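Right, one structure below, let's go through it.
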Amino acid sequence: AGGAKRPLLSQLFQPLNLQGGGEAGWDGRAGEPTCRSQKLMLQGGLIHPSSPGCYYYMPPAVRAMEKLIKVTDEEMRAVGGQKLNMPCLSSAELWRASGRWDRMGPELFRLADRHGKGYCLGPTHEEAVTELVAAQSNLSYKQLPLRLYQVTRKFRDEPKPRFGLLRSREFYMKDMYTFDASEEAARQTYDLVCDAYRSLFDRLGLPFIKVRAATGSIGGTVSHEFQLPAGVGEDRLVVCPDGHFAANVETLNGEQTSCPTCGEKLTQTRGIEVGHTFYLGTKYSSVSNAVFYSPENKPQLAEMGCYGLGITRILAASIEVLSTEDSIRWPSLIAPYQLCFIPPKRGSKEEEEGAALLERVYDDLAEALPHLAGESVLDDRTQLTIGKRLKDANKLGYPYVVIAGKRVCEDPPVFEVWHQNTGQVLFLTKEGVIELLSKVQVP
């Protein structure tokens with residue numbers, strides 16, 4: 001029974017390829033560019049390539065993703081979000097009515113059922129959600145604002161999928177759709193959701209920039225992107241060094257080189273888009289006739305907004321911007337596991353005593369800090385030296401590594417603890433280890 005509650009590294013379905021060097025293990029098909037996050041995720045057994053732009057998400061990646069979704073749920077609930085789930089299959093008629101069946105062109109995955117009826121696999125769900133709300137025939141202004149969101153798989157037929165989860169054909173997105181009684185109320189909702197996005201990226205410790213953006217195929221009149229600055233980013237951004245102004249280059253007319261507020265020269269940077277917000281007005285509600293009844297009992301079109309967060313893209317982008325060339329660094333809140341325990345090497349004089357003491361720390365920790373009970377992995381590859389296993393733990397980015405090394409036989413026993421995100425090494429008793437870890441947050 002003991003084995004079940006202690007994940008052993010040797011039993012995890014996480015095929016490691018940490019030796020680095022040769023390109024054998026990657027998904028680097030001839031001449032295909034790879035980036036840091038893609039290499040690290042393939043090496044660390046987080047993803048495994050399937051077909052172009054599609055990946056298996058391995059168990060550790062799913063753990064990180066589920067944590068990220070939990071944090072996202074907290075932020076969405078804080079702004080009155082209600083979670084639902086809409087079908088991936090969306091009827092062609094719905095998309096024809098909005099005009100996007102043709103406008104989206106080859107990016108839409110299209111298919112027909114056995115009766116010859118057309119569908120697409122949803123890249124986004126404006127049409128579907130508006131249709132859903134329009135079907136509620138007696139919606140009252142008292143039920144607004146309505147803020148509906150989901151976290152589901154989305155599909156986009158990328159011409160050139162690349163950079164692993166940064167630009168794939170199948171990905172997870174959190175998409176929220178809001179319905180308000182007036183333009184003023186819809187703009188308040190807009191600011192509220194943008195603040196929730198800020199809060200999310202701050203909690204993850206990700207250095208984002210909110211930039212003015214083009215509305216593209218979604219439409220509407222106001223739009224912002226949340227960008228993580230990164231060399232591999234596909235978006236070109238201009239930023240005021242004093243923080244007054246930031247925009248996606250595609251929104252600028254001509255060559256705007258100075259900040260409209262302070263006149264400082266704008267600097268150029270590249271970014272990975274991880275969130276996008278749109279104020280839509282009545283663009284979709286007018287097509288589906290999504291109305292609510294005003295205080296005077298008159299039908300009025302709902303004012304809409306839509307808000308996307310790339311869940312799997314945030315995973316990859318956070319690894320891209322926080323990691324070193326050969327070691328994953330996670331936002332500590334969403335690391336798949338918070339802790340790695342490294343027992344002594346097989347045949348060493350500390351072997352038996354060290355292993356038993358480490359087990360005890362493990363059990364006492366689970367009792368003292370129940371929220372960390374499922375957050376530890378034991379590196380049971382005791383045929384390897386502690387140094388080799390520490391190096392692997394460092395590459396995989398566990399925020400904390402607890403080692404039963406030479407000093408474990410002292411009285412009281414002393415453990416070596418690496419705090420990966422700060423690079424600190426501490427020598428602590430069992431009580432010290434528990435005290436240190438009591439500060440760790442998990443969603």
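The values are calculated or read from the model by the stated rules, or taken from the named source; none is laboratory data. Keep in mind that this is a model prediction, so the values were computed, not measured. Quick reminder, even Gly has a Cβ in these numbers, built from the backbone with ideal geometry, and neighbours come from all protein chains shown. With ligands, DNA and RNA removed, areas are computed over all heavy atoms of the protein, side chains included. Shrake-Rupley method; radii C 1.70, N 1.55, O 1.52, S 1.80 Å.
Numbers for the structure displayed
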| read-out | value |
| --- | --- |
| FRET efficiency for E183 and L436, using Cβ-Cβ distance with R0 set to 41 Å, rounded to 0.05 | 0.20 |
| Relative contact order of the chain, defined on C-alpha pairs under 8 angstrom at six or more residues apart (%) | 16 percent |
| Dipole axis of the chain (+1 Lys, Arg; -1 Asp, Glu on Cβ), positive-most option in Q268, Y279, A61 | A61 |
| GNM result for the chain, Cα springs below 10 Å: residue of A196, A356, A316 fluctuating most strongly | A356 |
| Accessible solvent surface per residue of the chain, calculated while the other protein chains remain in place, 1.4 angstrom probe, Å² | 45 Å² |
| Computed helical MRE - 222 nm, the chain, DSSP H runs ≥ 4 contributing -39500 (n - 2.57), nearest 500 | -8500 deg cm²/dmol |
| Pairwise centroid distance, computed over Cα atoms, of the stretch 148-193 with the stretch 387-429, Å | 40 Å |
| Paired Rg and Dmax values of the chain, which use every Cα atom, in angstrom | 25.0, 84 |
| Sequence-separation-based contact order of the stretch 330-443, relative, with Cα cut under 8 Å and 6+ spacing, percent | 31 percent |
| Cβ charges +1 (Lys, Arg) and -1 (Asp, Glu), total dipole of the chain, debye | 800 debye |
| Neighbour net charge for I319 - beta-carbon separation under 9 angstrom, K R +1, D E -1 | +1 |
| Restraint check, K406/K430; K349/K439; K67/K439; K5/K406, Cα-Cα greater than 25 Å | K349/K439; K5/K406 |
| Protein accessible area in the chain, 1.4 Å probe - carbon and sulfur % | 51 percent |
| DSSP beta bridge pairing in the stretch 248-382, given as percent antiparallel to the nearest 5 | 75 percent |
| Sites excluded, GluC sites (Glu not before Pro) in DSSP loops with at most 11 other C-beta within 10 Å, longest stretch of the chain | 1-254 |
| Stretch gain in nm, segment A373-Q424, where the contour uses 0.36 nm per residue and the Cα spacing is subtracted | 16.0 nm |
| Cα centroid of the stretch 291-324 to Cα centroid of the stretch 194-237, whole Å | 12 Å |
| Two-site label geometry, A112 and Q11: point separation in nm, points 7 Å out along Cα→Cβ | 5.2 nm |
